[in-house]
Amino acid sequence: MRATARSYAATSITMTKIFGLLLALSLTIPALAADGLPILQPDEVIAKYGKPDSVRSSEYEKPRPPLVTKMLEYKKEHVRVTLLAGGKVGNPPPYKSWHLIGYQDPRDNSVITKEEAEKRLLGRLKK
(Lines give C-alpha, C1' and ligand atoms only; values in the text may rest on other atoms or scores of the structure.)
Protein backbone atom coordinates (compact mmCIF):
# COMPACT_ATOMS: atom_id res chain seq x y z
CA MET A 1 0.00 0.00 0.00
CA ARG A 2 2.83 2.39 0.82
CA ALA A 3 4.49 1.87 -2.55
CA THR A 4 1.19 2.67 -4.27
CA ALA A 5 0.78 5.84 -2.21
CA ARG A 6 4.34 6.89 -3.08
CA SER A 7 3.73 6.14 -6.75
CA TYR A 8 0.53 8.16 -6.70
CA ALA A 9 2.29 11.04 -4.93
CA ALA A 10 5.12 10.97 -7.50
CA THR A 11 2.56 10.96 -10.32
CA SER A 12 0.73 13.89 -8.72
CA ILE A 13 3.97 15.86 -8.46
CA THR A 14 4.82 15.04 -12.09
CA MET A 15 1.34 16.06 -13.24
CA THR A 16 1.61 19.33 -11.28
CA LYS A 17 4.89 20.08 -13.06
CA ILE A 18 3.31 19.26 -16.43
CA PHE A 19 0.31 21.51 -15.77
CA GLY A 20 2.73 24.27 -14.75
CA LEU A 21 4.61 23.78 -18.01
CA LEU A 22 1.36 23.80 -19.98
CA LEU A 23 0.27 27.04 -18.28
CA ALA A 24 3.66 28.65 -18.96
CA LEU A 25 3.45 27.62 -22.61
CA SER A 26 -0.07 28.94 -23.01
CA LEU A 27 1.11 32.29 -21.71
CA THR A 28 4.26 32.43 -23.84
CA ILE A 29 3.27 30.76 -27.12
CA PRO A 30 0.17 32.42 -28.56
CA ALA A 31 0.67 30.53 -31.84
CA LEU A 32 -0.79 27.31 -30.39
CA ALA A 33 -3.79 26.18 -32.41
CA ALA A 34 -7.12 27.07 -30.83
CA ASP A 35 -8.21 23.45 -30.94
CA GLY A 36 -5.17 22.08 -29.13
CA LEU A 37 -1.46 21.52 -29.02
CA PRO A 38 0.74 20.74 -32.02
CA ILE A 39 0.95 17.06 -32.93
CA LEU A 40 4.37 15.46 -32.44
CA GLN A 41 4.80 11.69 -32.41
CA PRO A 42 7.51 10.23 -30.14
CA ASP A 43 8.81 8.22 -33.11
CA GLU A 44 9.44 11.48 -35.02
CA VAL A 45 11.64 12.80 -32.23
CA ILE A 46 13.51 9.49 -31.98
CA ALA A 47 13.98 9.28 -35.76
CA LYS A 48 15.47 12.78 -35.77
CA TYR A 49 17.62 12.70 -32.61
CA GLY A 50 18.08 9.03 -31.79
CA LYS A 51 17.00 6.98 -28.82
CA PRO A 52 16.53 9.09 -25.68
CA ASP A 53 18.40 8.24 -22.48
CA SER A 54 15.10 7.68 -20.71
CA VAL A 55 11.42 7.48 -21.54
CA ARG A 56 8.81 7.97 -18.84
CA SER A 57 5.17 7.40 -19.61
CA SER A 58 1.98 7.26 -17.58
CA GLU A 59 0.27 5.05 -20.22
CA TYR A 60 0.30 1.92 -18.08
CA GLU A 61 0.33 3.38 -14.56
CA LYS A 62 -2.28 2.02 -12.19
CA PRO A 63 -4.31 3.98 -11.61
CA ARG A 64 -3.74 5.70 -14.95
CA PRO A 65 -4.03 9.49 -14.68
CA PRO A 66 -6.76 11.17 -16.74
CA LEU A 67 -4.15 13.05 -18.78
CA VAL A 68 -1.53 10.60 -20.05
CA THR A 69 1.95 11.95 -20.69
CA LYS A 70 5.22 10.73 -22.16
CA MET A 71 8.60 12.33 -21.54
CA LEU A 72 11.67 11.71 -23.68
CA GLU A 73 14.85 12.79 -21.94
CA TYR A 74 18.23 13.45 -23.52
CA LYS A 75 20.46 13.76 -20.44
CA LYS A 76 23.76 14.98 -21.92
CA GLU A 77 21.94 17.70 -23.85
CA HIS A 78 19.69 18.62 -20.89
CA VAL A 79 16.48 18.35 -22.92
CA ARG A 80 13.16 16.78 -21.98
CA VAL A 81 10.41 16.57 -24.61
CA THR A 82 7.00 16.34 -22.92
CA LEU A 83 4.03 14.94 -24.84
CA LEU A 84 0.32 14.54 -24.08
CA ALA A 85 -1.66 11.56 -25.41
CA GLY A 86 -4.36 12.39 -27.95
CA GLY A 87 -7.91 11.13 -27.79
CA LYS A 88 -10.58 11.34 -25.16
CA VAL A 89 -9.66 11.68 -21.49
CA GLY A 90 -9.70 8.26 -19.87
CA ASN A 91 -9.21 6.23 -23.06
CA PRO A 92 -6.86 3.26 -22.59
CA PRO A 93 -3.63 2.78 -24.55
CA PRO A 94 -2.31 2.46 -27.15
CA TYR A 95 -2.52 6.10 -28.21
CA LYS A 96 -2.42 6.92 -31.92
CA SER A 97 -1.47 10.57 -31.57
CA TRP A 98 0.65 12.62 -29.21
CA HIS A 99 0.70 16.38 -28.75
CA LEU A 100 3.71 18.46 -27.81
CA ILE A 101 3.33 20.12 -24.42
CA GLY A 102 6.80 21.60 -24.57
CA TYR A 103 10.49 21.33 -23.90
CA GLN A 104 12.18 21.46 -20.51
CA ASP A 105 15.64 21.49 -19.00
CA PRO A 106 15.47 18.48 -16.64
CA ARG A 107 18.09 19.94 -14.30
CA ASP A 108 15.59 22.47 -12.92
CA ASN A 109 12.36 21.71 -14.88
CA SER A 110 12.54 25.13 -16.52
CA VAL A 111 10.79 25.67 -19.84
CA ILE A 112 13.08 26.03 -22.85
CA THR A 113 12.10 27.10 -26.33
CA LYS A 114 11.90 24.79 -29.31
CA GLU A 115 14.85 26.66 -30.80
CA GLU A 116 16.93 26.13 -27.64
CA ALA A 117 16.02 22.42 -27.53
CA GLU A 118 16.96 21.98 -31.20
CA LYS A 119 20.25 23.84 -30.62
CA ARG A 120 21.11 21.54 -27.71
CA LEU A 121 20.18 18.43 -29.70
CA LEU A 122 22.07 19.50 -32.82
CA GLY A 123 24.90 17.02 -32.25
CA ARG A 124 22.41 14.13 -32.18
CA LEU A 125 20.84 14.84 -35.58
CA LYS A 126 20.46 11.69 -37.66
CA LYS A 127 22.00 11.93 -41.10
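The values are calculated or read from the model by the stated rules, or taken from the named source; none is laboratory data. None of these values were measured; they are calculated from a predicted model. Cβ atoms come from the backbone with ideal geometry, glycine included; neighbour counts cover every protein chain shown.
Can residue 103 be described as in contact with a Ser or Thr (Cβ under 8 Å, 6 or more places away or on another chain) and within 21 Å of residue 39 (Cβ to Cβ)? Outline the logic, then answer.
Numbers: in contact with a Ser or Thr (Cβ under 8 Å, 6 or more places away or on another chain): yes; within 21 Å of residue 39 (Cβ to Cβ): yes.
It is true that residue 103 is in contact with a Ser or Thr (Cβ under 8 Å, 6 or more places away or on another chain) and within 21 Å of residue 39 (Cβ to Cβ).
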Residue pairs meeting the criteria (Cβ under 6 Å; at least 6 apart or on separate chains; first under 17 Å from residue 51 (Cα atoms), in the stretch 102-127; second part of a strand (DSSP E or B) and among the aromatic types (Phe, Trp, Tyr))
117/103
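Looking only at residues in the stretch 79-97 that are closer than 16 Å to residue 55 by Cβ and modelled with pLDDT under 95, which one is surrounded by the most Cβ atoms within 10 Å (Cβ to Cβ)?
Selected residue: 85.
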